[in-house]
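Here is the structure we will look at.
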């Protein structure tokens, strides 16, 4: 059986609580590869 293809994801606007939660969920998803993360503000 072959593994399903992974989906490449870029997150735009990753600052704040919502962006952090989205990244947390995507990092543990078995079919997602995070390719880029951007934010308007830097910490």
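Tell me, yes or no, whether the range 10-18 has at least one residue that is surrounded by fewer than 10 Cβ atoms within 10 Å (Cβ to Cβ), at pLDDT below 95 and either part of a loop (DSSP other than H, G, I, E, B) or touching a strand residue (DSSP E or B) at 6+ places or on another chain (Cβ under 6 Å) (or both).
No.
Check whether at least one residue in the range 21-32 is surrounded by 10 or more Cβ atoms within 10 Å (Cβ to Cβ), touching a helix residue (DSSP H, G or I) at 6+ places or on another chain (Cβ under 9 Å) and modelled with pLDDT of 90 or more, and report yes or no.
Checked against the condition, which is being surrounded by 10 or more Cβ atoms within 10 Å (Cβ to Cβ), touching a helix residue (DSSP H, G or I) at 6+ places or on another chain (Cβ under 9 Å) and modelled with pLDDT of 90 or more, the range 21-32 yields at least one hit.
So which residues in the range 1-29 are free of Cβ contacts under 8 Å to residues at least 12 places away in the same chain and under 12 Å from the mean Cα position of the chain (by Cα)?
18, 20, 21, 22, 24, 25, 27, 28, 29
Of the numbered conditions (1) without any contact (Cβ under 8 Å) to a residue 24 or more places away in the chain; (2) part of a loop (DSSP other than H, G, I, E, B), residue 40 satisfies every one except a single condition; which is it?
Result: residue 40 passes all but (1).
I'm trying to understand the selection: among the residues of the range 33-42, which are within 8 Å of the chain's Cα centre (by Cα) and surrounded by 13 or more Cβ atoms within 10 Å (Cβ to Cβ)?
Answer for the range 33-42, where residues must be within 8 Å of the chain's Cα centre (by Cα) and surrounded by 13 or more Cβ atoms within 10 Å (Cβ to Cβ): 34, 37.
The values are calculated or read from the model by the stated rules, or taken from the named source; none is laboratory data. The shown structure was predicted, so the numbers you read here are calculated from the model rather than taken from an experiment. For neighbour counting, all protein chains shown are included, and Cβ atoms are generated from backbone atoms with ideal geometry for every residue, glycine included.
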